[in-house]
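Undergrad: One structure follows; several queries about it will come next.
Every read-out reported here was derived from the displayed coordinates using simple, explicitly stated rules and does not represent laboratory data. Computed from a predicted structure; not experimentally measured. Cβ placement follows ideal geometry from the backbone for every residue including glycine, while neighbour counts extend to all protein chains displayed.
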Amino acid sequence: MTTDELSERVLVLAPRGRDSELTCTLLAKAGYRSIACACAEQLVSAVHEGAACAIITLEALAPAAQRELAAMLEAQPPWSDFPLIVLAHHGPAPGELDLGNMTVIERPVSPATLVTAVSSALRARRRQYEARAAIQQRDQFLAMLGHELRNPLATIVLASEPWQERTAEKLEANLQLIARQSGHLTRLVDDLLDVARVTQGKVRLQREAVDTVQAIEGCIANLASRFEDHGIAISSATTPAIIDADPVRLDQIINNLLNNALKYSRAGTHVTVTTRVHDGTWEMRVRDEGIGIAPDMLPRVFDLFAQADASLGRANGGMGIGLTLVARLVALHGGSVRATSEGIDAGSEFVVAMPVGTVRRVAAAPPVRASVDGTLSVVLVEDNADLRALSKSLLETFGCQVEVAGDGNQGLELILSTKPELAIVDIGLPGIDGFTIAERVRRSLGDSLTMIAVTGFGQQYDRTRALASGFDAHVIKPLRTAAVHSMLDQARAHRTALAKPA
């Protein structure tokens, strides 16, 4: 009997007369698989092998049998709440019988009533099996997440240790390595947050006319060096097309599919990207000659937490977050994505289909204002000492006079006493949080300074709350030089506006 068949069995413990035989016959006619047990010990053994529920007559529940069943039920894993259906000529007295998830049916019982009770118990048990599968997938996902995080972290730590001669060339190589691995960590965290936001319906598309050839070629160019490093060729044959899409999200779709092909391909193989437009649908195919996908995995390849192979030998594997994100972003655009593969070692192909839509041209973006020279007074509130020191150094490089605070109360006091032109404030702080700082600063100093929230809290709710609290902008960590330029420009522009006569 297979594992699935065992897990669907109905166990029957009715030792008097032909009760077991008749019950099993009734269940068979209703389409249920059952097995008669001679004693409580045999029933407990069958539960451990796999079962959906048990039907037990009250007279079979002698004290010794109750103890065996109670011990078995006590030892269940957290996901399990094994259903028992007890048949009795009269209900047990209060406190006489306590066996957890137990339904008592008075005898004589009609066939329809018994079948209904079994059907209900099976539905409940199947939900438990689903919960078990979800827990197993979650645990596997978390294990893989730990693996994926440790690899770049270990590389960064090792590159930072003074274990080798610090020549200029080696320092430059280590800095490049740290930058690459930090970028990998950032992409991983961004994908996790984006999956959560899409799942919760918090992603809103910013549609515009997108040149698909330009988008694909740009993504390929960005990844070209990684493909070359792995000895994998990549080429494209694209049909010119303009579609109505969110350009940022389309880049995510393309990049994740290309990264997936890269991870699961071997040196010496080829990845191709082709497109076409047919019946108002834009179609993109990403084909690789990699490890392929097993038939049983194909229906689940876009599921969050689903992994084809969690073995230690999967050298380039990831967690499947990228493919989940692809499926959900494509669905937001009203499209679909599917995976095909001839099996293990036969490569795979991912096909994205999105409606062209009514293409709306967007107005040209206003020219970017050049930075205005001049020193800015800045207060930086950040509780992470290393990040605080690095951020202070970066701001000073751009000509700022910077004072720092390590918790919320110190930060509020420093801002109110020094009245800086720019306050850069973390949200999650000891003492009082960044939202409270912004609210109190605005009450005391009004619009006399620019306030920027720089935080790891990146949900739309966090951004909305930050702006409502008084921040002028909400920037997600890690802080990059381009973002620093932008916030300094914003603060200088605000200073200039305040200086103009009314």
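Undergrad: Under a straight-distance cross-link criterion of Cα-Cα below 29 Å, which lysines are reachable from K477, leaving out those fewer than 8 residues away in the same chain?
TA: Within the straight-line cut-off, K477 pairs with K170, K202, K263, K392, K419.
Undergrad: Next question. DSSP H helices in the chain with Cα extent of 20 Å or more along the helix axis and mean Kyte-Doolittle hydropathy at least -1.0? Write out the running numbers ahead of the final one.
TA: On the way: long enough: 111-160 (73 Å, -0.02); 168-199 (46 Å, -0.01); 212-229 (26 Å, 0.21); 247-263 (24 Å, -0.05); 481-499 (27 Å, -0.01).
Answer set is 111-160, 168-199, 212-229, 247-263, 481-499.
Undergrad: Under the rule that an exposed site lies in a DSSP loop and has at most 10 other Cβ atoms within 10 Å, name the longest stretch of the chain with no GluC sites (Glu not before Pro) of that kind, not counting the sites themselves. Mind showing how you got there, number by number?
TA: Values: sites that count: E96, E165.
The segment 166-502 is the longest one with no such site.
Undergrad: Same structure again: Give me the extension gain from Q42 to L192: residue separation times 0.36 nm, minus the current Cα-Cα distance, reported in nm with one decimal.
TA: Working: separation 150, 0.36 × 150 = 54.00 nm, distance 4.70 nm.
In short, 49.3 nm is gained.
Undergrad: Something else now. Loop-only trypsin sites (Lys or Arg not before Pro) in the stretch 408-483, please: DSSP not H, G, I, E or B, and at most 16 other Cβ atoms within 10 Å. Write down the numbers at each step before the final one.
TA: Working: sites: R440, R442, R443, R463, R465, R480; in loops: R480.
Here the sparse-neighbourhood loop sites are R480.
Undergrad: Determine the calculated [θ] at 222 nm for the chain from helices alone, applying -39500 (n - 2.57) to every DSSP H run no shorter than 4 residues and normalising by the residue count; nearest 500 deg cm²/dmol. Spell out each step's value before the answer.
TA: On the way: 14 runs with 232 residues, N = 502.
Per the formula, -15500 deg cm²/dmol.
Undergrad: Could you give the longest part of the chain that holds none of the chymotrypsin sites (Phe, Trp or Tyr not before Pro) found in DSSP loops with at most 16 neighbouring Cβ atoms within 10 Å?
TA: By the stated rule (loop sites, at most 16 other Cβ atoms within 10 Å), 164-397.
Undergrad: If I compute Cα Rg over 2.2 N^0.38 Å from the structure I just sent, which labelled value in (1) 0.94; (2) 1.25; (3) 1.34 lines up?
TA: Answer by label: (3).
Undergrad: Pairs of Cα atoms under 8 Å, at least six residues apart: use those to get the relative contact order of the chain, whole percent.
TA: Details: 770 pairs, mean separation 41.7, N = 502.
Reported relative contact order: 8 percent.
Undergrad: Here's another thing I want to ask about it. Which of the peptides 230-238, 245-253 is most tightly packed, and how do the rest follow, going by the mean number of other Cβ atoms within 10 Å of each residue?
TA: Values: 230-238: 14.7, 245-253: 20.9.
Per-residue Cβ counts within 10 Å, averaged per peptide and sorted highest first, yield 245-253, 230-238.
Undergrad: For the pair A179 and E396, how long in nm is the line joining their label points, each one 7 Å along Cα→Cβ?
TA: 2.3
Undergrad: Considering the alpha-carbon set of the stretch 3-132 alone, what are its Rg and its Dmax in angstrom?
TA: Rg, Dmax (Cα atoms, Å): 13.5, 38.
Undergrad: Take every DSSP beta bridge with both residues inside the chain and express the antiparallel ones as a percent of the total, to the nearest 5. Each step should come with its number before you reach the end.
TA: Working: 24 of 63 bridges.
If we restrict to bridges inside the chain, about 40 percent are antiparallel.
Undergrad: What is the Cα centroid distance between the stretch 36-112 and the stretch 471-502, reported in whole angstrom?
TA: 69
Undergrad: Note down the nm distance, to one decimal, between modelled labels 7 Å out along Cα→Cβ at Q66 and at L22.
TA: Placing both labels 7 Å along Cα→Cβ, they lie 2.6 nm apart.
Undergrad: If you don't mind, another one. Report the extension gain between Q76 and V157 in nm, rounded to one decimal, defined as 0.36 nm multiplied by the number of residues separating them, less their alpha carbon distance. Show your work: numbers first, answer last.
TA: On the way: separation 81, 0.36 × 81 = 29.16 nm, distance 4.24 nm.
In short, 24.9 nm is gained.
Undergrad: If Lys and Arg each add +1 and Asp and Glu each add -1, what is the summed charge of the other residues whose beta carbon sits under 13 Å from the beta carbon of I232? The partial results should precede the final answer.
TA: Numbers: positive: R226, K263, R266, R287; negative: E228, D229, D288, E289.
Taking every other residue near I232 into account, the sum is 0.
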